[in-house]
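Report on one structure; see the data block that follows.
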Amino acid sequence: QVHLVESGGGVVQPGRSLRLSCAASGFTFSSFGMHWVRQAPGKGLEWVAVISYDGSNKYYADSVKGRFTISRDISKNTLYLQMNSLRAEDTALYYCAKDYLLWSFGWGEDIWGQGTMVTVSS
Amino acid sequence: QSALTQPPSASGSPGQSVTISCTGTSSDVGGYNYVSWYQQHPGKAPKLMIYEVSKRPSGVPDRFSGSKSGNTASLTVSGLQAEDEADYYCSSFAGSNACVFGTGTKVTVL
């Protein structure tokens, strides 16, 4: 069974940092790109970042560039999102998701976790 | 990276068809065939329904179909069923190694 389980969300003050994790199972984690996508309460989906299957390429939305860092530990089958300098507008449910395309980017996500909530508030 | 434009709502009776549009620019939808569509029920994670404009993942009913013309992609749901009532989002590769989602459409089955 293919599973993605996010963790690490919580309430954090503006300007502080938080690291999200996403544990993957049921597929060859090292063969697929991985994305983070967020959804503010009552709002639509927003793509955040993507990392290639081997971790060598990382790309970000303009809204988080320079503040967020995506990474992966293939030995632990785990994806991460380090979020620094958090702002109120970063408040959202953060999903990790698997790219559907083997060894490359299809820019579509076929497996999603259930999300972890991040609230940025003083 | 501006969001792709979708109508806020669409509706149809059971058995009818509904088509949702997703309008972008030549820098995203019009420039690449990496257009995907997602279904999201309340409180649930999104589900991939269409990828690469018109391809269906395994397990997605053939009632769901996708197409593209110029800068506008479309999702058609034929033979509407009660369980098709959900929010639908398009997404597209937007060049410069980025992705952009649509604004979302709430589909109501009357």
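Miscellaneous remarks
- When the range A:79-88 is filtered for residues that are part of a loop (DSSP other than H, G, I, E, B) and exposed (fewer than 14 other Cβ atoms within 10 Å of the Cβ), the ones remaining, listed by number, are A:SER85, A:ARG87.
- For the range A:3-18, filtered to residues that are over 13 Å from A:ASP90 (Cα atoms) and part of a strand (DSSP E or B), the residue that is farthest from the chain's Cα centre (by Cα) is A:HIS3.
- Listed by first and then second residue, the pairs with beta-carbon distance under 7 Å, at least 6 apart or on different chains, first residue in the range B:26-54 and at positive phi, second part of a strand (DSSP E or B), are B:VAL53/B:VAL35; B:VAL53/B:GLY66; B:VAL53/B:SER67; B:VAL53/B:LYS68; B:VAL53/B:ALA73.
- Filter result for A:GLY26 (away from chain B (no Cβ under 12 Å), loosely packed, with under 13 Cβ neighbours inside 10 Å and on the phi > 0 side of the Ramachandran plot): yes
- A:LEU101 vs. criteria within 16 Å of the chain's Cα centre (by Cα), surrounded by 13 or more Cβ atoms within 10 Å (Cβ to Cβ) and not acidic (Asp, Glu): no
- Failed item, numbered, when A:ASP73 is tested on (1) free of Cβ contacts under 8 Å to residues at least 12 places away in the same chain; (2) closer than 22 Å to A:PRO41 by Cα; (3) not hydroxyl-bearing (Ser, Thr, Tyr): (2)
- Residue in the range A:89-113 that is nearest to the other protein chains (Cβ to nearest Cβ), counting only those that are outside any strand (DSSP E or B), touching a strand residue (DSSP E or B) at 6+ places or on another chain (Cβ under 7 Å) and within 21 Å of A:GLY8 (Cβ to Cβ): A:GLY113
- Test: residue in the range A:68-84 that is within 15 Å of the chain's Cα centre (by Cα), within 14 Å of chain B (Cβ to nearest Cβ) and under 21 Å from A:SER7 (Cβ atoms): yes
- Which numbered condition A:TRP36 misses (of (1) in a strand (DSSP E or B); (2) under 16 Å from A:HIS3 (Cβ atoms); (3) among the aromatic types (Phe, Trp, Tyr)): (2)
- Scanning the range A:48-67 for residues that are surrounded by 15 or more Cβ atoms within 10 Å (Cβ to Cβ) and more than 14 Å from chain B (Cβ to nearest Cβ) turns up A:TYR53, A:GLY55, A:ARG67.
Values quoted throughout were computed directly from the atomic coordinates according to the rules given, and no laboratory measurement underlies them. Quick caveat: nothing in here was measured; it's all calculated off a predicted structure. Quick reminder, even Gly has a Cβ in these numbers, built from the backbone with ideal geometry, and neighbours come from all protein chains shown.
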